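Undergrad: Starting off with a structure, shown below.
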Amino acid sequence: MIHAYRAELLSVAHDPRDAGREAVRHEPDGLLVIEDGVVIARGAYADLAPRYPGVTVETLSGLVVPGFIDAHVHYPQTDRIASHGEQLLDWLDKHIFPAEKAFVDKAHAGAVAAFFLEELLRNGTTSALVFPTVHEQSVDALFEAALSRRMRIVSGKVLMNLGPEGLNDTVATGRAETEALIRRWKGRGRLGYAVTPRFALASSDGQLADAGALLAEHPDVLMHTHLSENLHEIAAVAGRFPDSADYLDAYDRFGLVTPRSVFAHGVHLSDRACSRLHGSGAGIAVCPSSNLFLGSGHFDFGQADRHALRLGLGTDIGAGTSFSMLRTSGLAYQAALAREDRLDPFRALYLATAGSAALLHIEDRVGALEPGQEADFAVLDPAATPLLARRTYEADLATRLFALQILGDDRAIARTYVMGECAWKRTP
């Protein structure tokens, strides 16, 4: 069945750092034509509408952008967002590991997964790369909830055999459960799998090596972990791996640095590590809200750009303080400016959509609202609050987009669409 939406359409399919404003596609009065959840045409309403006589057209008020793609987020940490007082390692021990132990209970995991996914949709996020827990059933619960909502979710059981009591697996069980999950979920809905060692300190050498082997054995899965987030963490990794050149090298020796590797944070990277990331094709999920909240530092966009690193954007709940990718991109602007770099609003939109899609290797399916892609999109309301309405009144596109980036949050999401159908709608 074919249906269409008339609206102001905006997407940024390529990094404006490289492509300039040619990367920006904008139809002030556009038409988005969808068949069976996939975009089949997009263009100016006046040009495109005559080609589809008899097709029902719904008019959407607001700015339609691709659904946001969260490149790094922890669903089991949802109930520990805004936990006070610690930097990364102590915060994990005090707040996060105790909360994650509860995910041994499938019913608990399912309840949190349902709330988590609804919160993503409420914030205009339609795809995400998600950390579960060490428990196999935490992945099942997330995938079941995502499948029922037709969301594009990538996740994978956490591998951790050096964690606290109650959150450990073994090399053998980690492999067996990972392989079972891949078999159980491969090809179902819009789901994808990621081999997920928690971080270098949480796994033995044997488990890190086996994670690299799993990645090599399954060429259609990602690898998802943390890298160079916090100075205390980096010092501990250096102590654990004294023969490694840096934190990234500790992963590299086990075959974990590949084009399918997504590393969260990368706040404190050596130039050597940046060169290796670029050469390998691996990328970074930048998480400015989390980095500020835990006192980890500001991501160096200038260094990343000098090395042409692949970047996406992540909320990192629950160290991050908002599910909103608008809010997160606003904090990314501030993090960049702290290092005297300037994050253009169109580039911020790219990082939150097509950039994250490319990082997750799903850019052919989502991120730009181009024909052939799945019709996931959000309707942004530039007048969602009195202040936004005042700031954006009669403003040009760049000003409206930047105001949404800095002042926007969940209130600015009027609707969220998944596969062309409304999955969330703001109540009056």
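Undergrad: Under the condition of being out of contact with any helix residue (DSSP H, G or I) (no Cβ under 6 Å at 6 or more places or on another chain) and either part of a helix (DSSP H, G or I) or of a type in the set (Lys, Arg) (or both), which residue from the stretch 103-120 is surrounded by the most Cβ atoms within 10 Å (Cβ to Cβ)? Outline the logic, then answer.
TA: Kept after step one, since they are out of contact with any helix residue (DSSP H, G or I) (no Cβ under 6 Å at 6 or more places or on another chain), are these residues of the stretch 103-120: 104-105, 107, 111, 115, 118-120.
Now narrow it down to the ones that are either part of a helix (DSSP H, G or I) or of a type in the set (Lys, Arg) (or both): 104, 107, 111, 115, 118-120.
Working: VAL104: 16, ALA107: 9, ALA111: 13, PHE115: 14, GLU118: 14, GLU119: 17, LEU120: 30.
Result: LEU120.
Undergrad: OK, next. Filter the stretch 144-161 down to the residues that are in contact (Cβ under 8 Å) with a residue 40 or more places away in the chain and either exposed (fewer than 14 other Cβ atoms within 10 Å of the Cβ) or assigned to a helix (DSSP H, G or I) (or both) and list them by number.
TA: As a first pass, look at the stretch 144-161 and keep what is in contact (Cβ under 8 Å) with a residue 40 or more places away in the chain: 146-147, 149-152, 154-156, 158-161.
Selection gives ALA146, LEU147, ARG149.
Undergrad: From the list GLY124, GLY62, which one is touching a Pro at 6+ places or on another chain (Cβ under 8 Å) and closer than 30 Å to ALA389 by Cα? Break it down into steps so the answer makes sense when it comes.
TA: Values: GLY124 fails: touching a Pro at 6+ places or on another chain (Cβ under 8 Å).
Just one listed residue meets the conditions, GLY62.
Undergrad: Examine the stretch 162-170 for a residue that is assigned to a loop (DSSP other than H, G, I, E, B), among the polar types (S, T, N, Q) and without any contact (Cβ under 8 Å) to a residue 60 or more places away in the chain, and state whether such a residue exists. Quick ask: steps written out before the conclusion?
TA: Going residue by residue through the stretch 162-170, those that are assigned to a loop (DSSP other than H, G, I, E, B) are 162-170.
With the extra rule that they be among the polar types (S, T, N, Q), the set shrinks to 168, 170.
From the residues that got through so far, the ones that are without any contact (Cβ under 8 Å) to a residue 60 or more places away in the chain too are 168, 170.
Within the stretch 162-170 (the criterion being assigned to a loop (DSSP other than H, G, I, E, B), among the polar types (S, T, N, Q) and without any contact (Cβ under 8 Å) to a residue 60 or more places away in the chain), the answer is yes, since at least one residue qualifies.
Undergrad: Right, something else. In the stretch 317-363, what count of residues is obtained for those that are within 16 Å of the chain's Cα centre (by Cα) and free of Cβ contacts under 8 Å to residues at least 24 places away in the same chain?
TA: Counting residues in the stretch 317-363 that are within 16 Å of the chain's Cα centre (by Cα) and free of Cβ contacts under 8 Å to residues at least 24 places away in the same chain gives 1.
Undergrad: May I pose another question? I'd like to know if the stretch 400-419 contains one or more residues that are without any contact (Cβ under 8 Å) to a residue 12 or more places away in the chain and over 17 Å from the mean Cα position of the chain (by Cα). Let's see the steps before the verdict.
TA: First pass over the stretch 400-419, keeping only residues without any contact (Cβ under 8 Å) to a residue 12 or more places away in the chain: none.
No, every residue in the stretch 400-419 fails to be without any contact (Cβ under 8 Å) to a residue 12 or more places away in the chain and over 17 Å from the mean Cα position of the chain (by Cα).
Undergrad: To continue, here is another question. Going through GLU179, GLU100 one at a time, which residue ends up being in a helix (DSSP H, G or I), open to solvent by 30 Å² or more (accessible area, probe 1.4 Å), touching a residue at least 24 places away in the same chain (Cβ under 8 Å) and not polar (S, T, N, Q)? Talk me through it step by step, then tell me what you get.
TA: Values: GLU100 fails: open to solvent by 30 Å² or more (accessible area, probe 1.4 Å).
One residue alone meets the criteria, GLU179.
Undergrad: Could you list, in sequence order, the residues of the stretch 78-97 that are not hydroxyl-bearing (Ser, Thr, Tyr) and not in a helix (DSSP H, G or I)? Steps first, answer last, please.
TA: Step one: filter the stretch 78-97 for residues not hydroxyl-bearing (Ser, Thr, Tyr), giving 79-82, 84-97.
Correct list: ILE81, ALA82, HIS84, GLY85, GLU86, GLN87.
Undergrad: With respect to the numbered conditions (1) within 20 Å of ASP18 (Cβ to Cβ); (2) surrounded by fewer than 20 Cβ atoms within 10 Å (Cβ to Cβ), which one is the sole condition not fulfilled by LEU343?
TA: Here LEU343 clears every test but (2).
Undergrad: I would also like to ask the following. Between a residue in the stretch 79-92 that is farther than 18 Å from THR133 by Cα and open to solvent by 10 Å² or more (accessible area, probe 1.4 Å) and any residue that is small (Gly, Ala, Ser) and in a loop (DSSP other than H, G, I, E, B), which pairs come within a Cβ distance under 6 Å, given they are 6 or more apart or on different chains?
TA: Close Cβ pairs (under 6 Å, with a partner that is small (Gly, Ala, Ser) and in a loop (DSSP other than H, G, I, E, B)) amount to GLN87/GLY295.
Undergrad: From the set of residues in the stretch 375-406 that are assigned to a helix (DSSP H, G or I) and among the β-branched types (Val, Ile, Thr), which is surrounded by the most Cβ atoms within 10 Å (Cβ to Cβ)?
TA: Top of the filtered list is THR392.
Undergrad: Name every residue in the stretch 266-300 that is farther than 16 Å from ALA245 by Cβ and either among the aromatic types (Phe, Trp, Tyr) or free of Cβ contacts under 8 Å to residues at least 12 places away in the same chain (or both), in order of residue number. Break it down stepwise before answering.
TA: To start, the set of residues in the stretch 266-300 that are farther than 16 Å from ALA245 by Cβ comprises 267, 281, 283-300.
Across the stretch 266-300, the qualifying residues are PHE293, PHE299.
Undergrad: Need the failing condition index for ALA194 against (1) touching a helix residue (DSSP H, G or I) at 6+ places or on another chain (Cβ under 9 Å); (2) surrounded by 20 or more Cβ atoms within 10 Å (Cβ to Cβ); (3) under 23 Å from GLY320 (Cβ atoms), just the number.
TA: Only one criterion is unmet by ALA194, namely (1).
Undergrad: Now, a different point. Please state which of the following conditions LEU292 fails to meet, knowing it meets all the rest: (1) of a type outside the set (Phe, Trp, Tyr); (2) within 19 Å of the chain's Cα centre (by Cα); (3) open to solvent by less than 40 Å² (accessible area, probe 1.4 Å).
TA: It fails just one condition, (3).
Undergrad: Name every residue in the stretch 305-330 that is surrounded by fewer than 24 Cβ atoms within 10 Å (Cβ to Cβ) and part of a helix (DSSP H, G or I), in order of residue number.
TA: ASP305, ARG306, ARG327
The values are calculated or read from the model by the stated rules, or taken from the named source; none is laboratory data. Please read these numbers as outputs of a predicted model, since none were measured by experiment. Note: ideal-geometry Cβ built from the backbone for every residue, glycine included; neighbour counts use all protein chains shown. Side chains included, ligands, DNA and RNA excluded: accessible areas come from the protein's heavy atoms. Shrake-Rupley method; radii C 1.70, N 1.55, O 1.52, S 1.80 Å.
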